[in-house]
1. On the accessible surface of the stretch 14-127, probed at 1.4 Å, how many percent belong to carbon and sulfur atoms?
2. Along the stretch 203-217, what does the Karplus equation 6.51 cos²θ - 1.76 cosθ + 1.60 (θ = phi - 60°) give for ³J(HN,Hα), rounded to whole Hz, x for Gly and Pro?
3. For the chain, report the accessible area per residue in Å² (1.4 Å probe, heavy atoms, rounded to an integer).
4. Place +1 on the Cβ of every Lys and Arg and -1 on the Cβ of every Asp and Glu in the chain, take the dipole about the Cα centre, and give the residue among Ala149, Thr49, Thr82 whose Cα lies farthest towards its positive end.
5. For the pair Glu237 and Arg259, how long in nm is the line joining their label points, each one 7 Å along Cα→Cβ?
6. First check a/c for the stretch 1-126, with a ≥ b ≥ c the square roots of the eigenvalues of its C-alpha gyration tensor; if it is under 1.5, answer rounded, and if not, answer prolate when a/b is larger than b/c or oblate otherwise.
7. Could I have the simple spin-label model distance between Arg29 and Thr188, label points 7 Å from Cα toward Cβ, reported in nm to one decimal?
8. Given points 7 Å out from each Cα along the Cα-Cβ axis, report the Arg196 to Arg249 separation in nanometres with one decimal.
Amino acid sequence: MPELPEVEVVRMGLAATAAGRVVESVVLRAPALRWPIPGDLDARLAGRTVRAVERRGKYLLLAFDHGRLIVHLGMSGTIAWTRCDAPLRPHDHVDLVFADGVLRLNDPRRFGAVLWHDATDGDAASHPLLRSLGVEPFSDAFDGALLHAGTRGRRVAIKQLLLSGSVVVGVGNIYASESLFRAGIRPTLPSHRLSRPRCDRLADAIRATLSAAIAAGGSTLRDFVSSEGASGYFQLECFVYDRAGEPCRVCGAPVRTLRQQQRATYWCAGCQR
């Protein structure tokens, strides 16, 4: 599943290609992805200008004067700028057609989403999919103090708390393992046992890890490509993720793996106490 760095890479690409352009039409080839797609999107968006392309957690928001188009890429979805005459591929479900190109959503598993939030319903942050999300990791609100407050009384393992998105959004499986390694924290440590200094280190590690991943174009393990069709290469720089049995890049001890809530966790017993 695309995580925050991959979605941010897509957002930057779409901001460069779609922002400021006028939608000529919307073509729907599927009635639903994870949820029903509003059937009146063509009537809502034709003739309207994309004012900006935003991101909240792993959701893309195409901003219009009268609302937001909320897009989630699901497990294997891609949204790419292509030519108006580009041939269709299997699973090309939604097109936003412009005068000189098309934003095309392809989603083989149909776990993604295309939804509309009208401005008359208030700020998009109030949408049911967005209103319970934690803070953005690059916002001024996110720091060690907030992370420390969010872990008090929480006995769940720190990696599971990061994956929940209830304190900070976007730290998915790859980047949780990598951030905890950078901070020197064992992924199974109960959240409430993190001291304030360790929370400070972890907050810094989360921002550094996500920043490095964005700079590398994200991680391409299976299906992810940017809106221009480029693969990411952060997976080549990982300290521990998907490196079970290989020597730690810092101390040389073998990288270990375990399962947490059906997700693979990678860590180094020498570096993460």
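The values are calculated or read from the model by the stated rules, or taken from the named source; none is laboratory data. Fair warning: this is a prediction, and the values are worked out from it, not measured in the lab. Cβ coordinates were reconstructed from backbone atoms using ideal geometry, including for glycine residues, and neighbour counts include every protein chain displayed. What goes into the accessible areas is simple: the full protein's heavy atoms, side chains included, and nothing from ligands, DNA or RNA. Shrake-Rupley method; radii C 1.70, N 1.55, O 1.52, S 1.80 Å.
1. Working: 2620 of 5080 Å².
Within the stretch 14-127, the accessible surface is 52 percent carbon and sulfur.
2. Listing the rounded values in order: 4, 5, 5, 4, 5, 5, 5, 5, 4, 5, 5, 4, 4, 8, x Hz.
3. Values: 11990 Å² over 273 residues.
Computed with neighbouring chains in place, this is 44 Å² per residue.
4. Positive-end residue among those listed: Ala149.
5. Output for this residue pair reads 3.2 nm.
6. Numbers: a/c = 1.22, a/b = 1.06, b/c = 1.15.
Rounded is the answer for the stretch 1-126, as its axis ratio a/c remains below 1.5.
7. Result for the modelled spin labels: 4.7 nm.
8. Placing both labels 7 Å along Cα→Cβ, they lie 3.3 nm apart.
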